[in-house]
Structure formats: structure tokens, C-alpha cells
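The values are calculated or read from the model by the stated rules, or taken from the named source; none is laboratory data. Source: prediction; values computed, not measured. Cβ atoms come from the backbone with ideal geometry, glycine included; neighbour counts cover every protein chain shown.
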Amino acid sequence: MDDHSAVITGIVLAVLLIALARERVPPAAGMLAALLVLVLAGVLDVVEGFAGFANPATLTVAALFVVARALREHTDLEGLLTGVLRGAASERGRLLRLTAPTAGLSAAMANTPLVAAAAPVVRTWAERSGRSPSRYLMPLSFAAILGGMLTTIGTSPTLLVSGLVEQQTGTPFGLFEITPVSLPVVVVALAVLCLAGPRLLPERSSSEQLVLADERAYTLPLTVVPGGEVDGRSVAEAGLRELESAFLARVHRGDVEIAPVGPDEVLRGHDVLVLVGEVADVTDLAERAGLQLADTTQVHLLDGGQHDRYEVVLDRASPLAGRTLKDMSFRGRYDAAVLALHRGGSRVHHRLGTEVLEPGDSLLVQAAPGFDERWRDRGDFAVVVPLDGAARTRSPRRWFVLSVLLAMLVVAGVGALPILTTVLLACAALVATRTISFHAAKTAIDLDVVLILAAAIGLGAAVTGSGLATAITQVLVGVVAGQGTAALALALLTVVVTTLVLTELITNIAAAALMTPIALDLAVQLDGDPRRMAIAVAIAASASFLTPIGYQTNTIVYGLGGYRFGDYWRMGLPLSVAVTVTTVTVLTLTG
């Protein structure tokens, strides 16, 4: 390619980086748009640009979501975690018991569905044992991220790097090719997490705890006065449909509960109306003729009946991020009502309908039973937690699922079959035996992740094919060339730190896509091993500990744990330093 192509690629990528860092566009939309621009500009032809959709890495990630869904549905994760955590006498002991098994599980399954399933269990355990969930949810996320570094199938960035390496060398990573480097990294990082965690982890209240502690600012129960002006009138006629700072969530009529409440619902004397919102702004409702404050407690009015409470967390890919509940017609779209919004460890004191939602926001919603099953794998929410769910029964197929997983790891580990073939066979076994339905398998696949990964492979091809990678590499070589024997170590450090920064600013997959071609070219220029330089990128792209939005697992626990944005720096910075130093040291000493 000529210099013209490199300039176009650089400009497109710069615009993409700014847009992603400022969260102007969803990652999938932004990366696909950038890829389309490069194809239309002639930097890539159509086949090169969209080859990522047929890349083994993309297909492997999609298939792994199906395996993870089967594991979540048929294995007793709640019993496992509760049993592991029970009995530890010290805080460090509890952290070790939580993080070590989590890291091990994350090496064999996608860490995002693992944390989505485990986080509610850990939070429930912490609350029942009188401990703050925030002391354990962040370590759960960090341990899952670290465990994903142990194998090629552990994280999407590693699979992406493997696919890019295959494009240039003809051979992808083996299942455990990354392990000799990542294992020391994980051990050191977990040690830092468990030893420093008791001092650095924050103690926060979860969103549900905040609501329960301040319930009078949460719901306002009013009684319809028999024979009063409201008795016999519809909700709309009574002026209760379009309120400024609250909404009518439920009507209690004796033993009958009506929710959601339609505008034509006729109110009767002695009805108890449950309004949700800012009580300070709607106390005038209690002074309206025909209504009076109900002499009853409040939060329990939202429990039971035909509607349950759920907590949902938004991530970058959610269609709600950057929009308001009113814009999305939340009640109509999801057949649910938002009871409270929590952001950064505190309740948002604004009108719920007009507040612009952000990644990491935690919403408490009231909906019909089964809301979690309908929306858990649709991509609208990072996690859906039922707050009124019954205990889960143990599945009789759990041993079959575990056997399929073990066989998948053994076959791929010894190299008997390619990783993609092995994972697809595992999926086929689970679907063919109806351990997981075909519909469930389809809904388990996170389409946003697949689109991001496919687009990232195309962007990586543009960085290489346009000559941009070579141009950047020449600059880096000029910086480190005069360092003698330390040149390779300095190059490794530069690659790791740059990838870490990009991971926090954009997405881990985009960071891996941009840095892998540069790292491969840099290794060749310095007479190093390109595959080991690529491993450095894979580890660094997975090491997102500094913000709640750099990695999906961090976003999941952000709302559930009631964290503030800055909480991640306190524990995440020592981990980032540990990962950087250990990665560079191991690769330098064994290179």
C-alpha cells in the first residue's frame, strides 16, 4: 500500500479512538462504521474488510457463549460459591477462596457470563453474612479477568490476537501457548489482590440496600378516600397518569394487585395507590381531595403478587445507554416499570424519565415473573438479577455438561483437533442432546461481541496492509534501538503499557486489534519472537482494572456493588503494575 492509504487509515482510527473514548457511539457501531469507511476508501477490498466474520476467532467466541450458557443453566454455581466461601476465618482467606476458583473457571469459559451468573450469588452471600458486597464483587470481576488470561479461549482479546497471528504466520495460538507467560502473571496479581484487598477495597452499599435504607424517598402509598373526588374516576381523570416526578406503579384493592396500571383503570374507595419517585416533590398528592397517606410500610407493597423486582445493569452495548427511559418507552418496550436509578454508589435525585442513562447504571425494575429469562441474553442489559427469585434446583445434566467441557479442553489442549472444531463439537453435543435448546443457544450469543471482534480483525488488516503498522514500528525502533540488550525489554514495556491505556480508553478488543500488527512488526524489526510479542498484547488487552467501563465484568459489578467510579483505581492500579512488571519480566527472561 502507499502512504495515502496509511494516512487514511490513521485518520479513520484516530476518529474512532476519540469517538469510543468519549462514548459517542456504541463500540460495535463505531468499529463497523470505521471498517466500512476503509473499504469504501479502497484501503481494504470487501473480502479483506469482512473476512473477520469467517475468522476462526470470531466463530470460536460465538460458540463459547453457548457452552457458557449450558454451564450456567446446569451447574450449581450458587452451591459451589457458597460452599467455597463458607468457613474462611479471615478477610484474606475469603478473598483467596473466591478469586482462585473464579480464575480457574474463567480459564475454561467466557468470563462475562461467568461474572453475570456469579455476581448475584456473591452479593447475596455477603449480605446474609453481614458483610459489604463491595468487598467481594470487584475481586470477583478482577479474578475472572485474570483467569481468562490462562488459556487462548479465556478471553475475546486473546482469541482475536490468535486470529491475527494466524493471518500473518499461518498458525494460531495453541490452547495453552499463552499459559507459561500468563500463569506467573495471574499468580502474582491474585497475591496482590488478596494481600492488599482488605486495605484497598471500598465498603459501599448496594443499590438495593440504599433503597431499603431510604424507602420513604422511594415510594409514596396513598389511599383513595371512599366517596371522595377520586373514587370512581379513572387514573387519567384523577390526574395520576402524567406526573412530573413520580408514576403510579401499582394499585392494591383488597387482596388484588393491579400492575402495571393503565390510564383507564377506575379507582375505588380504599384502594392503596403506590407511587414511585421523589417524595419531596410529590407530597402535594397527599393533599389532593380524595387522597390521603396510607398508614402502612412501603417497600413491601412492591413485592409478591404477579410482579417481581429485578435489578439490571447497563453496559456500553446497551441500547439504553445515552438515552432516557422516556426516549426508549421503557414501560412499553420491556413491560416493566423503573423504581429507582443508581449511579456511582448513590441514588439519582432527578426525574427518572428524563435522566440520560450511562454505562454502569443500575436500575431497579418491577416486572412480570420471567423478566430475567426474557432479557438476560438479549444484550439490552449486562446482567439481570431477580430479587424475589426462588432457590434453583440442581440439574440432573450437570455431570454431562462438565464432561463435555472437560473433553473439549483435553482435545483442544493436546492439539488433536483445532480449537474451533473442538468448541463447535461441544456445542453440537449440547444442542443435539437437548441439554440446551437451539433457541437458547441462539440467544446466548452476544451479537455485539461477535460484531466487534469481526470488525476488529478487519481493522487489524487495515493497520497492516496500509503500511501504518510499519510506520509506527519504525518510530518505536528508533526510540529503543540505542538501548542495546535492553531494547527488546523496553519494546515489550512500551507495547504492554500502550495496550493497557488503549484498553481503558476504548475497548479491549479494539486495543488488541490496533496493537497486534504493530507488536508483530516490532518483534521482527528487533529480531525478537513475534508470537511472544503478541502474547504481551493479549495479556495487556485483557488487564482492564482501572475503570468500571473498560471491561464488561467491571461494568456488571459496578452497579451491583454500589461502587463509585474512582474505586477501581485504588485496587486496579496495583494490579495493573503487577501485570505489567510480571509480563515484561517473564517474556524478557524466557525469550
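For the reader, a short list of remarks on this structure follows.
- Matching entry among 135, 204 (being part of a helix (DSSP H, G or I) and modelled with pLDDT under 95): 135
- For segment 438-460, the set of residues classified as buried (at least 23 other Cβ atoms within 10 Å of the Cβ) and either on the phi > 0 side of the Ramachandran plot or of a type in the set (A, V, I, L, M) (or both) consists of 444, 449, 452, 453, 454, 455, 456, 457, 459, listed by residue number.
- Pairs where the first residue, in segment 520-531, is without any contact (Cβ under 8 Å) to a residue 40 or more places away in the chain and the second is part of a loop (DSSP other than H, G, I, E, B), C-beta under 8 Å, 6+ apart: 523/529
- Of all residues in segment 137-176, those satisfying the criterion of being touching a residue at least 60 places away in the same chain (Cβ under 8 Å) and farther than 22 Å from residue 62 by Cα are 137, 138, 139, 140, 142, 168, 169.
- For segment 160-180, the criterion of being assigned to a helix (DSSP H, G or I), surrounded by fewer than 24 Cβ atoms within 10 Å (Cβ to Cβ), in the same structural domain as residue 512 (by TED's automatic domain parsing) and at pLDDT 95 or above is met by at least one residue.
- Set side by side, the residues 380, 388 differ, and just one is acidic (Asp, Glu) and either modelled with pLDDT of 75 or more or surrounded by 15 or more Cβ atoms within 10 Å (Cβ to Cβ) (or both), which is 380.
- All positions within segment 1-19 that are surrounded by 17 or more Cβ atoms within 10 Å (Cβ to Cβ) and of a type in the set (A, V, I, L, M): 1, 6, 8, 12, 13, 16, 17, 19
- Unique match (being in contact with a strand residue (DSSP E or B) (Cβ under 7 Å, 6 or more places away or on another chain), modelled with pLDDT of 75 or more and more than 22 Å from residue 436 (Cα to Cα)) among 340, 416: 340
- Checking 541, 519, 523 one by one, the residue that is in a helix (DSSP H, G or I), assigned by TED's automatic domain parsing to the domain that holds residue 499, at pLDDT 85 or above and under 25 Å from the mean Cα position of the chain (by Cα) is 541 and no other.
Quick grid of which residues meet (1) modelled with pLDDT under 90; (2) in contact with a His (Cβ under 9 Å, 6 or more places away or on another chain); (3) among the hydroxyl-bearing types (Ser, Thr, Tyr); (4) not assigned by TED's automatic domain parsing to the domain that holds residue 552:
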residue: 407; (1), (2), (3), (4): no, no, no, yes
residue: 422; (1), (2), (3), (4): no, no, yes, no
residue: 426; (1), (2), (3), (4): no, no, no, no
residue: 440; (1), (2), (3), (4): yes, no, no, no
residue: 443; (1), (2), (3), (4): yes, no, yes, no
residue: 448; (1), (2), (3), (4): yes, no, no, no
residue: 453; (1), (2), (3), (4): yes, no, no, no
residue: 457; (1), (2), (3), (4): yes, no, no, no
residue: 464; (1), (2), (3), (4): yes, no, yes, no
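- Residues of segment 82-97 that are surrounded by fewer than 24 Cβ atoms within 10 Å (Cβ to Cβ) and not basic (Lys, Arg): 82, 83, 84, 85, 87, 88, 89, 90, 91, 93, 96.
- Restricting attention to segment 20-31, the residues being buried (at least 19 other Cβ atoms within 10 Å of the Cβ) and among the hydrophobic types (A, V, I, L, M, F, W, C) number 3.
- Members of segment 9-30 found to be at pLDDT below 90 and either among the polar types (S, T, N, Q) or not in a helix (DSSP H, G or I) (or both), listed by number: 22, 23, 24, 25, 26
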